[in-house]
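Undergrad: Quick one: the structure is below, and I'll ask about it shortly.
The values are calculated or read from the model by the stated rules, or taken from the named source; none is laboratory data. Since the structure is predicted, the reported quantities are computational estimates derived from the model, not experimental observations. Neighbour counts run over all protein chains shown; Cβ positions are idealised from the backbone, glycine included. Areas reflect the complete protein model, heavy atoms only, side chains present, ligands, DNA and RNA absent. Shrake-Rupley method; radii C 1.70, N 1.55, O 1.52, S 1.80 Å.
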Amino acid sequence: MGLKITSAGLLTTIQDTGRFGYMASGFSQSGAMDKDSCLIANKLVFNNDLEGVLEMTLNGVSGVFTEDCVIALTGADLRWTVNDAEVRRYKALEIKKGDVIKSAASRDGMRGYLAVAGGFDINPVMGSYSTNLKCGIGGFNGQKIKNGDILPFRHERNQLLPVYKGLEDIPVFSKNTPVSIRVVLGPQEDFFSKKGIDTFLNSVYTVTTDSDRMGIRLEGEKIESVNGVDIISDGIALGSVQIPSSGKPIIMMADRQTVGGYAKIATVISADIPLLAQAMPNTQIIFEAVSLKDAQKIYKKHRNHLNLIDYRLMF
Amino acid sequence: MENKNGIRFLYCGDTAVSVEFGNEINAEINNKIKSLSMDLASSPIKGIIEYIPAYRSLLINYDPGLISGESLIKKLKKRTASLKSAARDKKTVFLIPVCYDDEFALDIGNVCSHSGLSKDEIIKIHSGTDYLIYMLGFLPGFPYLGGLDERIFTPRLETPRTIIPAGSVGIGGKQTGIYPLASPGGWQLIGKTPVKTYDPEREAPILFSAGDYIRFCPVSKTDFELIKKDADAGSYSCEIIKE
């Protein structure tokens, strides 16, 4: 047994780092939108980094644990309580059979994550635990979590080990506004006029409510192209900033289609993807261009920061 | 960044590079993509995670912890400079059985009135060509096919259907294709295949790859049912010819 869901929230799915090796066949990459929070949740309970976790959107789940376990909550501040007492995020929590976990609308951030020590007892599909709703594969029966579902645990560990620690620095996603998002220009920046690129880099864009796991859709000034934005369809990288004929950017995220026919003015660097994943509707964004060399430096710094978490939890 | 042989290497952030072989849709350019993918598969470059072949470009996803974008492009430049078109001498054709009976060919009437041809002529034309799979996308395993005879080009339905069953074969404008799984869509349906082109339980979930060819082979409703029985049980394998 595991966690019996009494309230499933808006969109709750099991996700991991993504499904690799099938994009050539047209399968979306899937995976956690905020991979950092997913990774940290797993690290907090000493799971394998590739374990599946619950991803919850704007609203968390509520439910009853049907066995003892250890969990960790990361990402958005979903006002978590256990047996009506507030609990901390970014810390391993010891849970007893019968404990009631509750959450509510997010106070900060768009997506919350719940990891259980030992992981959920589900089978990987095509090498991944991630749910792909379009194909109905992966995760919990290929579907989003519903009221009444019982999410089974592998329950290899149900006691708080003495080494379990929490992290002190809990991220505040809406701290900086507007949020600065760094991009490398290209692959098709030559489809846009100088004025178009200036607009892109110097105006404030707003995250709209029709953003989802496929793409973050932005409202703001139209980006001028030289001669239209239609290209011969090509592959779409994570974080591609696609400019459709409306001139309003769409940033391609975890559930993006693998190929598409709109020009992409820039690509968000990998370290800043989690910031976008946590941007609630109406969040303001400004884009900042960096060179590929700088993007690489930022990547290394970011990766080192994540690697250090293992040590910080142990010592 | 352009090579002397006209190949462009485009940055896609810090995790991907696009290798662009040209700016049009034709089999020769597409063949180069197949050649590069085959080359990378047979002698991998450390750090490459996977790649997405498209009409005229290959998107290469890499791990920036293992290789930098610049050194990847350097290596790719070398590879593409000495690329042999190994793919061209082997043409892999998947023979896909299709039942064109009225039960499945819901819109063949539209194709008839648009083209001025009879049903039999349309079936003969549609099944008389080998179609190159330029790329897969839109849905898992949805083949973007080149080579549809212009006599049977037909505009999409004015009102798309909310659900098109898996296996449906249709025409949308200048293209033809197979729906690998049930999906909304606006294509004119002219038949259905009993073969599962997509099966998440199969070792290779998608039957074919970009660069392969598809030939549609007309079958009767009786044969359709027989093949479907085997296909559903997982015991049907599509005939494949290499030429």
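Undergrad: I'd like the full set of residues that are closer than 23 Å to B:Lys91 by Cβ and open to solvent by less than 60 Å² (accessible area, probe 1.4 Å), limited to region B:115-130.
TA: B:Ile125, B:His126, B:Ser127, B:Thr129, B:Asp130
Undergrad: Answer with yes or no whether B:Leu189 is away from chain A (no Cβ under 14 Å), under 26 Å from A:Gly136 (Cα atoms) and either part of a loop (DSSP other than H, G, I, E, B) or of a type in the set (A, V, I, L, M) (or both).
TA: Yes; evaluated as a whole, the condition is true for this residue.
Undergrad: Okay, next question. In region B:202-222, which residue that is more than 18 Å from the chain's Cα centre (by Cα) and under 22 Å from B:Ile164 (Cβ atoms) is surrounded by the fewest Cβ atoms within 10 Å (Cβ to Cβ)?
TA: B:Arg202
Undergrad: If you don't mind, another one. So which strands (runs of 3 or more DSSP E) stay within region A:194-245 end to end and still have 3 or more residues that are away from chain B (no Cβ under 14 Å)?
TA: Fully inside region A:194-245 and qualifying: A:205-207, A:215-219.
Undergrad: I'm trying to understand the selection: among the residues of region A:162-178, which are open to solvent by less than 70 Å² (accessible area, probe 1.4 Å), part of a loop (DSSP other than H, G, I, E, B) and either modelled with pLDDT of 95 or more or not aromatic (Phe, Trp, Tyr) (or both)?
TA: Correct list: A:Val163, A:Leu167, A:Ile170, A:Pro171, A:Pro178.
Undergrad: Related question: Could you look through region A:131-151, keep only residues that are touching a Pro at 6+ places or on another chain (Cβ under 9 Å) and either part of a loop (DSSP other than H, G, I, E, B) or open to solvent by 40 Å² or more (accessible area, probe 1.4 Å) (or both), and pick out the one that is nearest to the other protein chains (Cβ to nearest Cβ)?
TA: Only one residue tops the list, namely A:Cys135.
Undergrad: Filter region B:1-51 down to the residues that are open to solvent by 30 Å² or more (accessible area, probe 1.4 Å), modelled with pLDDT under 95, within 13 Å of chain A (Cβ to nearest Cβ) and under 16 Å from the mean Cα position of the chain (by Cα) and list them by number.
TA: Once the filter is applied, which keeps residues that are open to solvent by 30 Å² or more (accessible area, probe 1.4 Å), modelled with pLDDT under 95, within 13 Å of chain A (Cβ to nearest Cβ) and under 16 Å from the mean Cα position of the chain (by Cα), region B:1-51 yields B:Ile25, B:Asn26, B:Lys34.
Undergrad: Return a yes/no flag: does region B:87-105 have any residue that is crowded, with 20+ Cβ neighbours inside 10 Å, out of contact with any Leu (no Cβ under 9 Å at 6 or more places or on another chain) and either within 11 Å of chain A (Cβ to nearest Cβ) or closer than 22 Å to A:Ser28 by Cβ (or both).
TA: Scanning region B:87-105, I find no residue that is crowded, with 20+ Cβ neighbours inside 10 Å, out of contact with any Leu (no Cβ under 9 Å at 6 or more places or on another chain) and either within 11 Å of chain A (Cβ to nearest Cβ) or closer than 22 Å to A:Ser28 by Cβ (or both), so the answer is no.
Undergrad: Right, another one. Return the residues of region B:52-65 that are under 15 Å from the mean Cα position of the chain (by Cα) and either more than 7 Å from chain A (Cβ to nearest Cβ) or farther than 17 Å from A:Gly260 by Cβ (or both); say none if nothing qualifies.
TA: B:Leu58
Undergrad: Somewhere in region A:25-46, is a residue closer than 16 Å to A:Asn132 by Cα, assigned to a helix (DSSP H, G or I), within 14 Å of chain B (Cβ to nearest Cβ) and over 14 Å from the mean Cα position of the chain (by Cα)?
TA: Among the residues of region A:25-46, at least one is closer than 16 Å to A:Asn132 by Cα, assigned to a helix (DSSP H, G or I), within 14 Å of chain B (Cβ to nearest Cβ) and over 14 Å from the mean Cα position of the chain (by Cα), which makes the answer yes.
Undergrad: Tell me which residues, restricted to region A:188-224, are in contact with a Gly (Cβ under 9 Å, 6 or more places away or on another chain) and open to solvent by less than 30 Å² (accessible area, probe 1.4 Å).
TA: Once the filter is applied, which keeps residues that are in contact with a Gly (Cβ under 9 Å, 6 or more places away or on another chain) and open to solvent by less than 30 Å² (accessible area, probe 1.4 Å), region A:188-224 yields A:Gly196, A:Thr199, A:Ser203, A:Tyr205, A:Ile223.
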